[in-house]
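Some notes on the structure that comes next.
The values are calculated or read from the model by the stated rules, or taken from the named source; none is laboratory data. None of the values given here were measured: they were computed from a predicted structure. Quick reminder, even Gly has a Cβ in these numbers, built from the backbone with ideal geometry, and neighbours come from all protein chains shown. Accessible surface areas use protein heavy atoms only, side chains included; no ligands, DNA or RNA. Shrake-Rupley method; radii C 1.70, N 1.55, O 1.52, S 1.80 Å.
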Amino acid sequence: MTNAPTLLMVTTLGRFAVYRDQQQLNGGNWNRRKVLGLFKLLVSAEQHSLHREQIQEILWPSSTSEQANNSFGKTLYLLRRALEPELAIGKGNVSSYISLHHDTTLLVPENIQIDADLFESGVKEIQVRLLAQKERNQDSRLLSEFDRVLDLYH
């Protein structure tokens with residue numbers, strides 16, 4: 001029986017930070033510019049996924065295809081280890097947070113919570129409820145919901 005992965009908490013509204021087990025990630029591989037750059041790129045991408053070639057063009061624009069491919073592989077490896085130091089060394093080990101499938105790299109949504117996503121979905125939910133609202137006595141409840149969502153933005 002395997003243990004469920006720890007939820008990764010990402011704050012992007014205000015100061016960028018990543019937390020695992022309520023501990024902010026810092027040090028080691030996490031301090032490498034390209035490792036952090038790759039993670040931020042995935043966090044900011046639509047549906048938190050990008051094709052390998054897109055990543056390579058953004059992070060290694062002046063490298064040859066072979067150099068960029070090697071740099072991508074190394075950076076992805078280091079990012080996985082920064083997020084999961086206990087991840088076994090070697091090929092074929094599956095990360096709880098980052099997936100590479102058919103040359104598309106993506107963040108695993110079940111295991112990562114991003115404040116900007118929570119903010120966006122909260123605002124959309126309230127907008128739908130506002131449009132559907134017919135009674136004025138719901139105004140105070142909706143305003144409370146807006147306050148809850150706005151509190152996500154530090």
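Which one of the conditions (1) in contact (Cβ under 8 Å) with a residue 12 or more places away in the chain; (2) over 14 Å from the mean Cα position of the chain (by Cα) does Thr12 fail to meet, given that it meets all the rest?
Single failed check for Thr12: (2).
Output yes when any residue across region 31-45 is without any contact (Cβ under 8 Å) to a residue 12 or more places away in the chain and surrounded by 13 or more Cβ atoms within 10 Å (Cβ to Cβ), and no when none is.
Yes, that holds for at least one residue.
Filter region 46-75 down to the residues that are touching a residue at least 24 places away in the same chain (Cβ under 8 Å) and charged (D, E, K, R), then identify the one that is most open to solvent (accessible area, probe 1.4 Å).
The extreme case among them is Glu53.
Restricting to region 1-44, name every residue that is in a loop (DSSP other than H, G, I, E, B) and of a type outside the set (S, T, N, Q).
The answer is Met1, Ala4, Pro5, Leu7, Leu13, Gly14, Arg15, Phe16, Asp21, Leu25, Gly27, Arg32.
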